[in-house]
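**Student:** First the structure, which I've put down as C-alpha cells, then a few questions once you've had a look.
The values are calculated or read from the model by the stated rules, or taken from the named source; none is laboratory data. The structure displayed is predicted, hence computed values, not measured ones. Cβ placement follows ideal geometry from the backbone for every residue including glycine, while neighbour counts extend to all protein chains displayed. Only protein heavy atoms, including side chains, enter the accessible area calculation; ligands, DNA and RNA are left aside. Shrake-Rupley method; radii C 1.70, N 1.55, O 1.52, S 1.80 Å.
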Amino acid sequence: MKPIHILLVPCLLLCACAGTDVANRYYLSEKYPPKEPKDVEILTKKPTREFILMADFQAYGETDQQMQKRAAQIGADAVIVTHLGGYRTLSEWPKTESNPPQGAMSPWGRTVGAAIKYK
C-alpha cells in the first residue's frame, strides 16, 4: 500500500499545478506600496529613461491590462509587455461565431511583463 501513496502524492501535486501556468519573479529587496493600475504605463519596448527592473510576470493568454494590474500591485511605474506566440488581432482569427475581442490572446499564447521603476 505504501508505494501507491508515494506515487499518488507527486501525481496530485503535478495535476494541481497543471491548470495554472503563471510565473512571477520579484528582484528587489525593497517593497513598494501598490498603485492604481491607471497610474502604471503599458509599454511595448524598453523606455529611454533610466529604470530598474522590479519583477517579471509570465502567463498564458493574459492581456496588457492584466499585466498592468500585476505591476500596479507591486508599485511599478510601468510594465513592458511582450506577447510570445498565439497573438492574433480580430481580423486574423478564423471566421467563427465566437471571434475573440480585438487584441485577444489565443489560449496557447504567452504574455510576459517586465515591471519597472523609474530612477
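**Student:** Within the bounds of segment 105-114, is there any residue that is in a helix (DSSP H, G or I) and modelled with pLDDT under 75?
**Tutor:** Taking every residue of segment 105-114 in turn, none turns out to be in a helix (DSSP H, G or I) and modelled with pLDDT under 75.
**Student:** Testing residue 48 on (1) in contact (Cβ under 8 Å) with a residue 12 or more places away in the chain; (2) open to solvent by 70 Å² or more (accessible area, probe 1.4 Å), one condition comes back false. Which one is that?
**Tutor:** If we test residue 48 against (1) in contact (Cβ under 8 Å) with a residue 12 or more places away in the chain; (2) open to solvent by 70 Å² or more (accessible area, probe 1.4 Å), just (1) comes out false.
**Student:** Please state which one of 59, 71 is within 13 Å of the chain's Cα centre (by Cα), at pLDDT below 95 and crowded, with 18+ Cβ neighbours inside 10 Å.
**Tutor:** Testing whether each residue is within 13 Å of the chain's Cα centre (by Cα), at pLDDT below 95 and crowded, with 18+ Cβ neighbours inside 10 Å leaves just 59.
Conditions (1) open to solvent by 100 Å² or more (accessible area, probe 1.4 Å); (2) modelled with pLDDT of 95 or more; (3) under 18 Å from residue 118 (Cβ atoms); (4) touching a Gly at 6+ places or on another chain (Cβ under 6 Å), marked per residue:
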| site | (1), (2), (3), (4) |
| --- | --- |
| 4 | yes, no, no, no |
| 20 | no, no, no, no |
| 25 | yes, no, no, no |
| 33 | no, yes, yes, yes |
| 37 | no, yes, yes, no |
| 41 | no, yes, yes, no |
| 44 | yes, no, yes, no |
